[in-house]
Amino acid sequence: MDWLFLQKYTPMYIEAAGLTLRIAAIGILLSFAVGLVCSVVQQLKIPVLRQIVGGYIELSRNTPLLVQLFFLYFGFPRLGIMISSELCGIIGLAFLGGSYMAEAFRSGIDSIEQTQIESGLSIGLSKMQLIRYIVLPQAVSVSVPAFCANIIFLIKETSVFSAVALADLMYVAKDLIGLYYNTNEALLLLVIAYLVLLLPISVVSTIIERRLRHARFGN
């Protein structure tokens, strides 16, 4: 193990981790917004919009993020639309994550008893008021474990960003391996970087899930 190599190039991984985390954070926040909009549209049952949302979810969930990134980065310029690597990563992550977040919202909404919805309608609440005050608060609470799992999944998916020349963690690792052939050291730093990013999220999500389970079932 080349300890001098590890010491010398650790700052590069720290910088790449910062870029990865920044893009992931923006993409995940946008995916929450997309998922929320999609779930509301599905609840309102507007025929055309509901079909569009359904088509988007199927397209997003059944195509790899790498293909989506290639389409954005290499396909759009042919249409005269230039997208930077960073923006490409954000859009791709939001596009992929939106469908997963929408499904998480949907599973939470499906867990709500129909009697609550009927009670809300009986006291004169509109559909939007029903969604805002009754459906979404409970759905979000139920879906927290799914949200946490999706966040971890999406951060791991950032490993394909290097394919569109984005200097993320994987890009740095592949670059150093190509230059110096220190494969073990470069991959070790890569694994450590992802553990530093993902392990705290995993621990926090586990704690939140246990507390929610305890609050719901009392054990």
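Structural remarks
- Each Lys and Arg adds +1 at its Cβ and each Asp and Glu adds -1 at its Cβ; summed about the Cα centre, the chain shows a dipole of about 540 debye.
- Relative to the dominant Cα principal axis of the chain, helix 136-157 is inclined by about 20°.
- Dividing the helix sum by the residues of the chain, where each DSSP H run of 4 or more adds -39500 (n - 2.57), gives a mean residue ellipticity at 222 nm of -26500 deg cm²/dmol.
- Inter-part distance, the range 117-196 to the range 1-48, computed on C-alpha centroids, equals 6 Å.
- Report note on the peptides 93-103, 122-132: ranked by the mean count of other C-beta atoms within 10 Å, highest first, their order is 93-103, 122-132.
- Each residue of the range 66-78 was assigned a 3J(HN,Hα) from its phi angle through the Karplus expression (A = 6.51, B = -1.76, C = 1.60, θ = phi - 60°), giving 4, 5, 4, 5, 4, 4, 5, 7, 9, x, 4, x, 5 Hz with x at Gly and Pro.
- Relative packing of peptides 156-162, 74-80, 198-204 - highest average C-beta neighbours within 10 Å first: 156-162, 198-204, 74-80
- Using θ = phi - 60° in the Karplus curve 6.51 cos²θ - 1.76 cosθ + 1.60, the 3J(HN,Hα) couplings for the range 189-198 round to 5, 5, 4, 4, 4, 5, 5, 4, 6, 9 Hz; x is entered for Gly and Pro.
- Relative contact order (%) - criterion: Cα under 8 Å, at least six apart; region: the chain: 29
- Ranking PRO200, PHE161, LEU59 by how far each Cα lies toward the positive end of the dipole of the chain (charges on Cβ) leaves LEU59 at the top.
- With both labels modelled 7 Å from their Cα along Cα-to-Cβ, the VAL144 to LEU6 distance reads 3.7 nm.
- Applying the Karplus relation 6.51 cos²θ - 1.76 cosθ + 1.60 with θ = phi - 60° to the range 98-115 yields 3J(HN,Hα) values of x, 5, 5, 5, 4, 5, 5, 4, 4, 5, x, 5, 5, 7, 7, 5, 4, 5 Hz, where x marks Gly and Pro.
- For the range 67-219, the square roots of the Cα gyration tensor eigenvalues, ordered a ≥ b ≥ c, give a/c of at least 1.5 with a/b no greater than b/c, which places it in the oblate category.
- Partner aspartates and glutamates for LYS8 [C-alpha distance under 20 Å; skip if fewer than 8 residues away on the same chain]: ASP168, ASP175, GLU185
Bear in mind that the values in this text are calculations on the coordinates, not laboratory data. None of the values given here were measured: they were computed from a predicted structure. Counting neighbours? That spans all protein chains shown, and the Cβs are built from the backbone with ideal geometry, glycine included.
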